[in-house]
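Where a number appears in this text, it was derived from the coordinates with a stated rule and is not lab data. This structure is a prediction, so every number in the text was calculated from the model and none was measured. All Cβ positions, even for glycine, are placed from backbone atoms using ideal geometry, and neighbour counts span all protein chains on display.
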Amino acid sequence: MLRGDTVGLRARHEEDVPVLRTELYDDVVNGSRSEAGPWRPITPGSKDPRLVVDDKEQRHVPFSVVELEGGTLVGTATLWGIDTHNRCAHIGLGLLPSARGKGYGTDVVAVLCHYGFVVRGLHRLQIETLADNHAMLRSAERNGFVREGVLRSSAWVLGEFLDEVLLGLLAEDWKRDS
Ligand SMILES: CC(C)(COP(=O)(O)OP(=O)(O)OC[C@H]1O[C@@H](n2cnc3c(N)ncnc32)[C@H](O)[C@@H]1OP(=O)(O)O)[C@@H](O)C(=O)NCCC(=O)NCCS
């Protein structure tokens, strides 16, 4: 398990799947704002890649996020689009509604940076998020990510086009304790 100050990132367990499906992926608003495509329901027992991990998929590393104290499941975190030639990847995360606004998101980003830069030896990490996702923007910036650009009207979200912000962090600019 990878450890931050308050959260741990561990492998996906079978018992995590129904909790994540019900509390995170069944939520139309959250799904529409977090996924690149349209929201659609996940059938219980299906092998949807957002929930069921394919260990052979080398470019994508999904984690379940737990509280260090007590081990309660609080969300998901992913290093995705890993490109070993350009040594870059994207990060993504989603916390259960009851776990938001407690500082966990900032800690998850810190742990993903450690995984990307130290464990995987990557050079650049990237995040794309909606321009009005202040908690995500702040979680990223608290870890040293800088805004590199705005993708104007790039996301169709529940009836309107929204801007996305592209944030990046280079290994040499990363401060482990930021
Ligand atoms: C985005 C998300 C991961 C952030 O994690 P979090 O644990 O809620 O965020 P934190 O508690 O670490 O807060 C980070 C910062 O954002 C601020 N913040 C938190 N919620 C906020 C809100 N609703 N509006 C404005 N600012 C907010 C906090 O005050 C904190 O700022 P500070 O460091 O200056 O004090 C989490 O809210 C979430 O999972 N949301 C739904 C899914 C999602 O949007 N995923 C990202 C898709 S790209």
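The conditions are (1) under 25 Å from Pro18 (Cα atoms); (2) more than 10 Å from the ligand (Cβ to nearest atom); (3) surrounded by 14 or more Cβ atoms within 10 Å (Cβ to Cβ), and Thr76 fails exactly one of them. Which is it?
If we test Thr76 against (1) under 25 Å from Pro18 (Cα atoms); (2) more than 10 Å from the ligand (Cβ to nearest atom); (3) surrounded by 14 or more Cβ atoms within 10 Å (Cβ to Cβ), just (2) comes out false.
Of all residues being among the aliphatic types (A, V, I, L, M) and away from the ligand (no atom under 16 Å from the Cβ) in region 107-126, which is surrounded by the most Cβ atoms within 10 Å (Cβ to Cβ)? Just the residue, please.
Looking at residues that are among the aliphatic types (A, V, I, L, M) and away from the ligand (no atom under 16 Å from the Cβ), I get Leu122.
Collect the residues in region 88-106 that are within 8 Å of the ligand (Cβ to nearest atom) and touching a Lys or Arg at 6+ places or on another chain (Cβ under 8 Å), keeping them in residue-number order.
Thr106
Surrounded by fewer than 16 Cβ atoms within 10 Å (Cβ to Cβ), basic (Lys, Arg), at negative phi and within 14 Å of the ligand (Cβ to nearest atom): does that describe Arg138?
yes
I'm trying to understand the selection: among the residues of region 65-79, which are over 14 Å from Met1 (Cβ atoms) and touching a residue at least 40 places away in the same chain (Cβ under 8 Å)?
Gly75, Thr76, Leu79
All but one of (1) touching a strand residue (DSSP E or B) at 6+ places or on another chain (Cβ under 9 Å); (2) more than 7 Å from the ligand (Cβ to nearest atom) hold for Thr129, so report the exception by its number.
Status for Thr129: all satisfied but (2).
State all residues of region 25-42 that are among the small types (Gly, Ala, Ser), surrounded by fewer than 16 Cβ atoms within 10 Å (Cβ to Cβ) and either part of a helix (DSSP H, G or I) or away from the ligand (no atom under 13 Å from the Cβ) (or both); if no residue qualifies, say none.
The one that is among the small types (Gly, Ala, Ser), surrounded by fewer than 16 Cβ atoms within 10 Å (Cβ to Cβ) and either part of a helix (DSSP H, G or I) or away from the ligand (no atom under 13 Å from the Cβ) (or both): Gly37.
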